[in-house]
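The values are calculated or read from the model by the stated rules, or taken from the named source; none is laboratory data. As the structure is a computational prediction, the values presented were derived from the model and not from experiment. A quick note on method: Cβ atoms are made from the backbone with ideal geometry, for glycine too, and the neighbour counts reach across all protein chains shown.
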Amino acid sequence: MASLSAPKIVSSRGEFADSHTITRFLATGGYEGLKKALSMFPEQVAEEVDKASLLGRGGAGFPAGRKWSMLRKSPVSYLVVNGDESEPATFKDHFLVERDPNQLVEGVIIAAYALQVTQAFIFLRGEFALGLERVQQAVNDAYDQGALGKKIFGSDFSLDIVVHTGAGAYVCGEETALIEALEGKRGFPRIKPPFFPAVNGLYREPTVVNNVETMSNLPWIINNGGAAFAALGEGRSTGTRLFALAGKVNNPGVYEIEMVKNTFRDLIFDPALGGGVVNDGQVKAIIPGGVSAPWFSPEQLDTPLGQDEVGGLGSMLGSGSIVILDDKSCPVRAAWRITKFYSRESCGQCTPCREGSGWIERVMYRLEHGGGRMEDIELVLDLCDNIAPGLSWPPQQTTICVLGPSIPSSINSAIKMFRSEFEAHVHNGGCTYE
Amino acid sequence: MSHFRVDIRQRAEELVSLYPRRRSALLPLLHLAQEQDGYLTDEAIAEISELTLTSAADVRGTAAFYDMIHLEPVGRYVVGVCTNIACLLNGGEEMLEHASQKLGCAVGGTSTDGLFTLEETECLADCNFAPCVSVNHRYVRTTTPEAFDAMIEEVREGRRDGEIPPHGTLVRVRRNGGLRVSKKELAEERAAAEAARIARLPKDPA
């Protein structure tokens with residue numbers, strides 16, 4: 001049975017049709033967290049977030065409080081909010097920016113106060129046209145309410161937020177690429193070191209980059225205290241989290257559930273959540289945490305949805321996306337399509353990723369569509385090994401950013417789990433599912 | 001002589017003023033140029049390079065990196081069909097094929113009447129309505145061929161124009177408050193904040 005007793009922290013307004021309006025926001029405790037934060041010292045605000053041990057919700061899962069404390073010692077210049085959500089099958093930030101943009105803006109102001117930053121940027125992917133409009137409206141409304149601008153709510157704190165528009169590039173979700181895009185350049189990830197955003201970020205000044213969902217958690221944490229947040233979940237995985245469930249399930253969607261207290265099985269099969277596999281089919285494979293994550297087999301269905309629980313089994317919760325392949329889904333096609341995605345989105349700076357992704361995609365294409373050879377299976381694995389030597393998890397890195405080393409995950413998983421299907425594709429001269 | 005219309009030029013200057021450095025406005029300016037012309041024209045590139053104090057080659061080179069910026073003319077409506085993983089599993093490829101038939105153009109091409117351009121997109125983050133279809137970056141949530149056809153007819157007749165403006169128009173909500181404070185003011189504020197922070201630090205008993 002799924003455990004659904006935890007409070008809704010970031011999706012509490014989800015039930016209202018007008019959840020995105022300032023009217024609804026103010027009627028449901030809007031800016032309360034901010035007002036409370038402004039009555040505290042910035043350090044105390046940061047401490048609450050530390051106490052909550054809120055793990056960043058972008059994908060890497062780095063504790064937000066620690067990210068801040070690394071910086072608090074010296075002045076931070078900019079706060080950048082990462083809303084470039086482009087990891088395939090991840091759509092939780094889409095939900096947050098469209099359905100509760102005011103909560104996001106409140107969270108950003110709280111974070112800016114804790115960091116004593118006077119300039120923040122909310123970077124949203126350009127494809128979120130409606131989300132962009134709603135967040136801009138929320139920023140406008142915040143100015144009208146006195147929650148932004150000079151002397152916020154009569155305090156000594158001033159802040160400006162600029163809503164920045166991306167223009168369609170997956171790699172811009174990588175924080176240094178996002179900063180490049182914010183500087184008006186191609187989204188080329190920067191070499192780290194020296195370009196850790198915390199030291200050498202936007203305009204080479206210290207910059208904090210946090211995810212949209214991370215920011216959206218802050219009003220609740222300040223209102224209820226970090227301890228209340230930390231009391232939810234288990235171990236390192238505190239609080240609740242948005243999971244974006246997609247693929248062959250009856251009720252795909254975004255679900256906020258308590259960390260660790262639920263398993264993949266709960267999320268997929270509970271009638272209040274995923275509602276089971278379509279046409280009463282079987283789970284064939286699970287892609288947890290975005291397409292960069294190694295796949296799980298049905299044997300791992302009872303794994304709790306927690307950072308370390310999933311990490312301990314050689315994958316990751318990553319971006320909070322979970323894709324279900326059923327018994328009618330072709331794993332070869334899935335792995336090919338994911339590789340095609342990387343091939344399209346590789347920024348082209350590093351040879352292993354730029355050349356490797358296209359090469360692997362072409363070999364995977366012929367395996368799936370006909371013309372594949374038996375030795376192609378070892379060939380793609382060898383190519384993958386050139387991008388991420390050893391094919392271990394987490395992957396070894398031969399490139400500036402982790403886009404390249406993420407390519408092998410799906411191929412390696414698919415071959416490990418379904419080698420016989422790959423062989424059948426070769427014998428059949430193409431897909432066996434058509 | 002400005003290539004941008006008066007209102008667009010005014011918004012362009014507003015955008016530039018929002019950022020600590022002019023070039024940061026580049027991506028929003030590219031969108032703005034597409035709002036006026038539907039795609040990125042040479043004239044707009046020249047004007048953006050002047051606004052951001054970069055070379056035209058820099059503007060073009062940056063623009064070419066991004067999928068949403070078109071260096072060639074596109075239809076009034078750009079139809080995007082996602083075939084990435086969640087959509088693949090739910091008939092994205094079939095939907096793309098159907099869209100190509102319905103619109104009468106190849107993937108990446110424009111219909112002969114110049115109304116529609118069809119694109120195969122990567123994940124648009126609307127996977128609970130897979131296969132995901134967008135028109136000018138508005139999610140239309142038509143998951144069956146029949147619903148797609150009906151939607152296209154409505155768009156063709158202009159009945160969805162309120163919700164789906166012509167290609168290029170992205171953000172119709174204008175920023176109306178709190179223009180950026182000057183760099184000097186910012187520095188002063190930061191210095192004051194830093195002084196206040198130091199004043200609050202626990203005093204060393206020694």
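The set of residues in segment B:19-42 that are over 14 Å from residue B:169 (Cα atoms), in contact (Cβ under 8 Å) with a residue 40 or more places away in the chain and crowded, with 19+ Cβ neighbours inside 10 Å contains only B:19. Restricting the search to segment A:342-353, which residues are out of contact with any Ser or Thr (no Cβ under 9 Å at 6 or more places or on another chain) and surrounded by fewer than 24 Cβ atoms within 10 Å (Cβ to Cβ)? Correct list: A:348 only.
Restricting attention to segment B:115-139, report how many residues are within 12 Å of chain A (Cβ to nearest Cβ) and either without any contact (Cβ under 8 Å) to a residue 24 or more places away in the chain or in contact with a His (Cβ under 8 Å, 6 or more places away or on another chain) (or both). Summing the residues that are within 12 Å of chain A (Cβ to nearest Cβ) and either without any contact (Cβ under 8 Å) to a residue 24 or more places away in the chain or in contact with a His (Cβ under 8 Å, 6 or more places away or on another chain) (or both) in segment B:115-139 gives 6. Counting only strands (runs of 3 or more DSSP E) that fall entirely inside segment B:71-138 and contain at least 2 residues that are crowded, with 23+ Cβ neighbours inside 10 Å and out of contact with any Cys (no Cβ under 6 Å at 6 or more places or on another chain), the qualifying elements are B:77-82, B:116-121. Every condition in (1) surrounded by fewer than 24 Cβ atoms within 10 Å (Cβ to Cβ); (2) part of a helix (DSSP H, G or I) is met by residue A:192 except one, and the failing one is (2). Please tell me if residue A:365 is in a helix (DSSP H, G or I), more than 21 Å from residue A:189 (Cβ to Cβ), within 14 Å of chain B (Cβ to nearest Cβ) and at pLDDT 95 or above. So residue A:365 passes the test. Among the candidates B:142, B:112, the residue that is within 18 Å of residue A:129 (Cβ to Cβ), without any contact (Cβ under 8 Å) to a residue 24 or more places away in the chain and more than 11 Å from chain A (Cβ to nearest Cβ) is uniquely B:142. Only one entry of A:400, A:411, A:407 meets the criterion of being under 21 Å from residue A:346 (Cβ atoms), modelled with pLDDT of 95 or more and not in a helix (DSSP H, G or I), and that entry is A:400. Within segment A:187-222, can you find the residues that are of a type in the set (S, T, N, Q) and either in contact with a helix residue (DSSP H, G or I) (Cβ under 8 Å, 6 or more places away or on another chain) or under 30 Å from residue A:259 (Cα atoms) (or both)? Those that are of a type in the set (S, T, N, Q) and either in contact with a helix residue (DSSP H, G or I) (Cβ under 8 Å, 6 or more places away or on another chain) or under 30 Å from residue A:259 (Cα atoms) (or both): A:207, A:210, A:211, A:214, A:216, A:217. All of B:152, B:164 fail the test of being under 16 Å from the mean Cα position of the chain (by Cα), among the β-branched types (Val, Ile, Thr) and either modelled with pLDDT of 95 or more or closer than 30 Å to residue A:92 by Cβ (or both), apart from B:164. Against the numbered list (1) modelled with pLDDT of 95 or more; (2) within 20 Å of residue A:172 (Cβ to Cβ), residue A:60 comes up short only at (1). Taking residues in segment B:157-176 that are more than 21 Å from residue B:27 (Cβ to Cβ), and partners anywhere that are modelled with pLDDT of 95 or more and of a type in the set (Lys, Arg), the pairs with Cβ atoms closer than 9 Å and at least 6 places apart or on different chains are B:160/B:138; B:163/B:138; B:164/B:138. The residue that is nearest to residue B:168 (Cα to Cα), counting only those in segment A:93-144 that are among the aromatic types (Phe, Trp, Tyr) and within 8 Å of another protein chain (Cβ to nearest Cβ), is A:128. Does at least one position in segment A:296-309 carry a residue that is crowded, with 23+ Cβ neighbours inside 10 Å and among the aliphatic types (A, V, I, L, M)? Yes, some residue in segment A:296-309 is crowded, with 23+ Cβ neighbours inside 10 Å and among the aliphatic types (A, V, I, L, M). Tell me, yes or no, whether segment B:83-94 has at least one residue that is in contact with an Asp or Glu (Cβ under 7 Å, 6 or more places away or on another chain) and within 8 Å of another protein chain (Cβ to nearest Cβ). Scanning segment B:83-94 turns up at least one residue that is in contact with an Asp or Glu (Cβ under 7 Å, 6 or more places away or on another chain) and within 8 Å of another protein chain (Cβ to nearest Cβ). If only one of A:429, A:371, A:390 is of a type in the set (Gly, Ala, Ser) and in contact with a helix residue (DSSP H, G or I) (Cβ under 9 Å, 6 or more places away or on another chain), which one is it? Only one candidate passes the filter, namely A:371. When you scan segment A:159-182, how many residues do you find that are in a loop (DSSP other than H, G, I, E, B) and more than 21 Å from residue A:139 (Cα to Cα)? Qualifying residue count for the region: 3. It is to be established whether one or more residues within segment A:18-29 are of a type outside the set (A, V, I, L, M), part of a loop (DSSP other than H, G, I, E, B), buried (at least 17 other Cβ atoms within 10 Å of the Cβ) and within 14 Å of another protein chain (Cβ to nearest Cβ). Checked segment A:18-29: at least one residue is of a type outside the set (A, V, I, L, M), part of a loop (DSSP other than H, G, I, E, B), buried (at least 17 other Cβ atoms within 10 Å of the Cβ) and within 14 Å of another protein chain (Cβ to nearest Cβ). Looking across segment A:154-178, the residues that are at negative phi and more than 10 Å from chain B (Cβ to nearest Cβ) come down to A:155, A:173, A:174, A:175, A:176, A:177, A:178.
Residue B:2 meets each of the listed conditions (1) out of contact with any helix residue (DSSP H, G or I) (no Cβ under 9 Å at 6 or more places or on another chain); (2) of a type outside the set (D, E, K, R); (3) modelled with pLDDT under 95 apart from (1).
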